[in-house]
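Taking it in order: structure first as structure tokens, then the write-up.
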Amino acid sequence: MTRTSAFGRYGVRSAMNRWSGVSADGSTAAVSLWKDELEGPAGAMVYHKADTRDWTNGIAKREFFRHLQHAVDRCGGIVRVVMVVRDPSNPSRTIDCYPAPNVIMRVAALNMVGLAFRLEQADLGV
């Protein structure tokens, strides 16, 4: 599945080569996360980046952080997740991505200056 179509499952429009998006009505924010970087057991997973200097410093990165801020400001900190699977032989290459409707994360920490964040799995009774 393409990342664009995975975001579409949440009603989120995201341009090709983007890492996040927000629905047209602003009620849903979604981010793509590397599956292998989720930590912890199902139901209590965490995804955090204290340092994103190794991320390409372009529009996708800026939008990702704006969309996390949008989630905090307008969605109760909740973000939907598009899982991204790496190619084991080339870790910067994506081999699969898909919506993960049972993985709902809450923005637990967001540093818009230092470009760092922490997401914790939310139990919304879904």
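Structure values in brief
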quantity	calculated
Criterion: open to solvent by 40 Å² or more (accessible area, probe 1.4 Å) and either in contact with a Gly (Cβ under 7 Å, 6 or more places away or on another chain) or at negative phi (or both) - qualifying residue of 72, 107, 81	72
Hey, residue 118 touching a His at 6+ places or on another chain (Cβ under 7 Å) and in a strand (DSSP E or B) or not	yes
The listed residue being under 20 Å from residue 76 (Cα atoms), touching a helix residue (DSSP H, G or I) at 6+ places or on another chain (Cβ under 8 Å), surrounded by 11 or more Cβ atoms within 10 Å (Cβ to Cβ) and touching a residue at least 12 places away in the same chain (Cβ under 8 Å), out of 47, 10	47
Which listed residue, of 119, 115, 124, is touching a residue at least 24 places away in the same chain (Cβ under 8 Å), out of contact with any Asp or Glu (no Cβ under 6 Å at 6 or more places or on another chain) and on the phi > 0 side of the Ramachandran plot	115
Residue match in segment 58-66 (condition: open to solvent by 30 Å² or more (accessible area, probe 1.4 Å), within 16 Å of residue 119 (Cα to Cα) and not in a strand (DSSP E or B))	yes
Residue match in segment 84-94 (condition: assigned to a loop (DSSP other than H, G, I, E, B) and at positive phi)	no
Among the candidates 15, 24, 60, 50, residue that is more than 19 Å from residue 3 (Cα to Cα) and over 11 Å from the mean Cα position of the chain (by Cα)	50
Yes/no for residue 31 being assigned to a strand (DSSP E or B) and farther than 15 Å from residue 119 by Cα	no
Residues that are out of contact with any helix residue (DSSP H, G or I) (no Cβ under 9 Å at 6 or more places or on another chain) and of a type outside the set (D, E, K, R), drawn from segment 112-126	113, 114, 116, 121, 122, 124, 125, 126
Hits in segment 1-44 (condition: β-branched (Val, Ile, Thr) and modelled with pLDDT under 95)	2, 4, 12
Sole residue being surrounded by fewer than 18 Cβ atoms within 10 Å (Cβ to Cβ), at pLDDT below 95, out of contact with any His (no Cβ under 9 Å at 6 or more places or on another chain) and within 18 Å of residue 123 (Cβ to Cβ), chosen from 88, 101	101
Scope segment 34-43; condition exposed (fewer than 12 other Cβ atoms within 10 Å of the Cβ) and closer than 13 Å to residue 119 by Cα; matching residues	39, 40, 43
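The values are calculated or read from the model by the stated rules, or taken from the named source; none is laboratory data. These figures come from a predicted structure and were not determined experimentally. Heads up, the Cβs are rebuilt from the backbone with ideal geometry, glycines too, and the neighbour counts pull from every protein chain shown. Heads up: the accessible areas ignore ligands, DNA and RNA and are worked out on the full protein's heavy atoms, side chains in. Shrake-Rupley method; radii C 1.70, N 1.55, O 1.52, S 1.80 Å.
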